[in-house]
Amino acid sequence: MADAAASGSYSGGPNYAEQTDKLVNFLQDYEEDDSDGERVHKYRKMLQQVANRRSRVVYVDLDDVHAALGDEFCEQMKSNAKRYQRLLADAIDRVMPEPTVDTHADEDVADILLRSRLQRASTGDAEANDPLQQVPSALKRRYEVMLIPRVKENSVPLRKVRANAIGNLLTVKGIVTRVAEVKPSIAVATYTCAKGGFEVYQEVQGRSFMPLFTCPAQNCCQNGRLQLQTRGCKFVRFQEVKIQEEADEVPVGHVPRQLTIHLYGELTRSCSAGDVVTVSGIFLPMPYTGFRGMKAGLITDTYLEAQHVEKHKKSYTDHTPSEEMRQKVLEATRGEDLYHKMAQSIAPEIFGHEDVKKALLLLLVGGGLREMEDGMKIRGDINVCLMGDPGVAKSQLLKHIATIAPRAVYTTGKGSSGVGLTAAVTRDTATGELVLEGGALVLADMGICCIDEFDKMEESDRTAIHEVMEQQTVSIAKAGITTTLNARTSVLAAANPVFSKYNPHRTPEENINLPAALLSRFDLLWLLLDKPDREHDQRLAEHVAYEEHPPLEFETFDAPFMRAMISHARQFEPRVPKEVSAYIVDEYIRMRQESLIHGATFGFTSARTLLAILRLSQALARLRCAHEVSREDIVEARRLMSLSKASVLDTKNEDDELRKRDDPISTVYHIIREHSQKTGLPAVHVADILPKVLSRGRTREDLDHCIDEYEKLDVWFVDSARTIIRFIAADDE
């Protein structure tokens with residue numbers, strides 16, 4: 001048994017001396033094809049870069065180990081990763097080549113101190129025989145060893161990580177919620193004896209250790225007091241972060257699981273709060289708690305010593321559908337009226353709100369991010385706010401969007417306590433350290449943040465959310481921490497009027513308890529009112545009261561298909577051609593003139609309105625899987641914007657003139673009459689009128705009914721092709 005212990009093995013276990021020899025041969029002999037198709041020694045080349053001070057990390061791929069040493073050896077490395085990481089370091093020390101370039105320019109104080117120590121150790125026999133006085137290998141190494149898991153290894157959900165994974169190389173995926181400061185962590189402690197002048201070394205394996213106080217050297221008879229040499233110690237960069245399982249992996253009613261990640265050396269500062277990361281590392285128990293956190297096979301006081309961190313920059317489109325689902329998506333894109341069908345598939349059990357659902361579909365798809373030459377970015381995410389009376393299904397729409405979006409976070413204005421909706425600097429109750437923790441908007445980066453009770457959020461969030469909704473960043477300057485976090489998210493908010501029920505006798509500013517500067521950052525602001533209407537109320541009551549609702553004209557799409565279709569549509573980046581740009585300019589000028597004539601103060605037309613139309617039209621083009629925005633996309637975007645503004649502004653008056661405007665036939669007639677007066681021509685082309693009708697929130701059917709109605713009244717006559725309208729003058733009668 002003593003011989004087995006000396007060789008680093010136990011009865012029935014592997015012989016670690018032989019395992020080290022195998023790793024030495026692996027590092028020397030493993031070959032692979034380079035980019036030119038030539039066979040090269042992968043790890044010899046990597047170690048030469050380390051020897052030349054051009055690299056500080058040696059990445060050992062377990063796929064290479066499996067190919068060279070077999071499946072059994074690879075599984076032993078995976079299940080006992082910490083031990084084999086040390087064996088790899090010993091093997092690297094044995095095969096490390098001499099530098100091929102002059103490295104004196106890259107030397108620092110640690111190199112000079114190490115050279116003097118090695119010279120002293122080579123001259124004294126007593127020091128050479130004393131293991132505490134020998135220079136440890138960890139002090140001489142100028143590299144880190146990182147284990148890369150096999151490609152076929154899938155990430156393990158945080159909820160399924162159990163005690164049997166202790167010591168294993170593990171891969172997990174989650175959202176970074178908390179990031180601590182980068183601090184030095186001691187790896188080798190160096191002491192000097194106050195009486196004998198001996199140097200004593202102590203390797204530190206964990207985050208905590210017990211320092212030496214008296215000299216343990218064999219040739220020190222005075223047991224002198226040891227003094228720690230700060231310059232002679234070896235420190236590595238250390239950072240602690242916490243990740244949380246993604247929202248779609250948390251069962252309803254459960255608390256999201258978290259895992260502590262320890263980052264060392266080159267891996268520090270590799271992620272920030274809100275990032276979705278895949279982390280590969282060695283799963284270990286906390287050294288100061290041991291296994292006291294074990295309960296029902298679950299270790300609570302654990303951490304993951306990271307070996308590799310991969311950030312997901314396009315987490316919104318990470319959804320990878322199956323081949324069958326991909327075929328369904330391609331088939332649906334070749335079908336007709338996909339826009340209408342997908343909109344109706346959003347919460348199909350909710351009665352009505354057809355145009356609101358279309359707006360929510362465009363929010364899911366989003367527009368394209370625009371980057372200027374000077375580095376300025378213009379957001380492509382669409383923000384929508386739903387205001388209205390109680391019982392109009394605002395919260396249900398938010399819940400449904402959170403379930404079908406590829407990535408979404410659902411929260412409430414008052415429910416986001418602690419760090420709030422944005423982010424905050426907090427103090428860790430266990431360690432007392434300042435940590436940066438992200439809120440709901442940061443965690444929803446590259447996704448959708450659904451905020452219910454938007455009008456009841458904290459005052460600090462109300463101030464910070466202005467930056468989030470336009471610049472899509474969260475700036476923090478507190479307790480010496482100054483940083484900026486990404487919050488590239490679409491905001492879907494639901495708010496109630498300040499009087500519980502919307503009061504039409506008060507102005508919109510009085511009803512909506514939100515600042516105008518914040519409301520202007522929403523691309524669409526819908527006001528959903530519960531107005532008494534006999535026909536509408538009867539259809540709504542039948543829809544709610546009957547258990548079997550009448551089906552739609554088509555079969556609605558399920559959530560997996562919607563996610564796959566949205567991810568497919570977001571791969572397109574449609575541009576705006578010149579002829580469509582000219583049309584957008586004309587529409588924007590006309591909108592500005594209309595706002596000047598009507599004197600509207602709420603929902604005024606500005607440059608943000610123009611950008612909102614561009615974002616909505618790009619989302620429509622994405623749904624068509626097109627690479628260019630068409631004129632019809634602009635018309636539909638204008639129609640949705642007109643309807644959203646009308647939902648707020650048309651509640652101010654209830655007089656006869658408004659009721660006439662609400663009549664679709666009268667509305668279309670006024671549009672035709674205004675166009676005729678502007679052009680000064682007695683004849684009007686239907687093709688010129690149709691875009692104006694659609695942009696005012698009316699349909700082609702309303703235009704046809706208006707033409708037929710006023711043709712019967714002999715106001716105008718229409719040619720046989722139904723394409724030209726000619727007004728009848730008074731002298732023609």
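The table below gives the values:
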| read-out | value |
| --- | --- |
| Selection status of Glu199, among the acidic types (Asp, Glu), modelled with pLDDT under 85 and not assigned by TED's automatic domain parsing to the domain that holds Leu436 | yes |
| Filter result (among the acidic types (Asp, Glu), out of contact with any Lys or Arg (no Cβ under 9 Å at 6 or more places or on another chain) and touching a residue at least 60 places away in the same chain (Cβ under 8 Å)) within segment 56-102 | Asp90 |
| From the options Thr214, Thr190, residue that is in the same structural domain as Leu284 (by TED's automatic domain parsing), among the hydroxyl-bearing types (Ser, Thr, Tyr) and surrounded by 19 or more Cβ atoms within 10 Å (Cβ to Cβ) | Thr190 |
| Filtered residue count, segment 386-406, keeping only those that are among the hydrophobic types (A, V, I, L, M, F, W, C) and under 22 Å from Ile512 (Cα atoms) | 6 |
| Enumeration of residues in segment 433-451 that are within 19 Å of Glu240 (Cβ to Cβ), of a type in the set (A, V, I, L, M) and part of a strand (DSSP E or B) | Leu434, Val435, Leu436 |
| Scope segment 241-285; condition of a type in the set (Lys, Arg) and at positive phi; matching residues | Arg269 |
| Filter result (of a type in the set (D, E, K, R) and at pLDDT below 90) within segment 1-53 | Asp3, Glu31, Glu32, Asp33, Asp34, Asp36, Glu38, Arg39, Arg53 |
| Hits in segment 205-244 - residues which are outside any strand (DSSP E or B) and within 37 Å of the chain's Cα centre (by Cα) | Gln205, Gly206, Arg207, Ser208 |
| Segment 181-235, residues that are aromatic (Phe, Trp, Tyr) and farther than 20 Å from Gln134 by Cβ | Phe213, Phe235 |
| Single unsatisfied condition, His505 versus (1) in a loop (DSSP other than H, G, I, E, B); (2) in contact (Cβ under 8 Å) with a residue 24 or more places away in the chain | (2) |
| Test result for Val474, part of a strand (DSSP E or B) and modelled with pLDDT of 80 or more | yes |
| Odd one out for Ser137, checked against (1) crowded, with 16+ Cβ neighbours inside 10 Å; (2) modelled with pLDDT under 90; (3) among the hydroxyl-bearing types (Ser, Thr, Tyr) | (1) |
| Of all residues making up segment 712-722, the number that are out of contact with any strand residue (DSSP E or B) (no Cβ under 6 Å at 6 or more places or on another chain) and within 17 Å of Ser666 (Cβ to Cβ) | 3 |
| Tally, over segment 563-581, of residues that are surrounded by 11 or more Cβ atoms within 10 Å (Cβ to Cβ) and in a helix (DSSP H, G or I) | 9 |
| Every pair of residues 6+ apart whose Cβ atoms lie under 7 Å, when the first sits in segment 702-717 and is in the same structural domain as Val668 (by TED's automatic domain parsing) and without any contact (Cβ under 8 Å) to a residue 60 or more places away in the chain while the second is assigned to a loop (DSSP other than H, G, I, E, B) and of a type outside the set (Asp, Glu) | Asp714/Ile728; Val715/Ile728; Trp716/Ile728; Phe717/Ile728 |
| Verdict on Ala517 being at pLDDT 75 or above, surrounded by fewer than 13 Cβ atoms within 10 Å (Cβ to Cβ) and in contact with a helix residue (DSSP H, G or I) (Cβ under 9 Å, 6 or more places away or on another chain) | yes |
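Here is a yes/no grid of residues against (1) surrounded by 15 or more Cβ atoms within 10 Å (Cβ to Cβ); (2) at pLDDT 80 or above; (3) in contact with a Phe, Trp or Tyr (Cβ under 7 Å, 6 or more places away or on another chain); (4) outside the structural domain of Ala621 (by TED's automatic domain parsing):
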{"residue": "Thr317", "(1), (2), (3), (4)": "yes, no, no, yes"}
{"residue": "Thr333", "(1), (2), (3), (4)": "no, yes, no, no"}
{"residue": "Lys357", "(1), (2), (3), (4)": "yes, yes, no, no"}
{"residue": "Leu363", "(1), (2), (3), (4)": "yes, yes, no, no"}
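Let's see how each residue does on (1) modelled with pLDDT under 85; (2) farther than 16 Å from Lys357 by Cβ; (3) in the same structural domain as Lys341 (by TED's automatic domain parsing):
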| residue | (1), (2), (3) |
| --- | --- |
| Asn511 | yes, yes, yes |
| Asp523 | no, no, yes |
| Val544 | yes, yes, yes |
| Leu552 | yes, no, yes |
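The values are calculated or read from the model by the stated rules, or taken from the named source; none is laboratory data. Everything numeric here is computed off the predicted structure, so don't read it as measured data. A quick note on method: Cβ atoms are made from the backbone with ideal geometry, for glycine too, and the neighbour counts reach across all protein chains shown.
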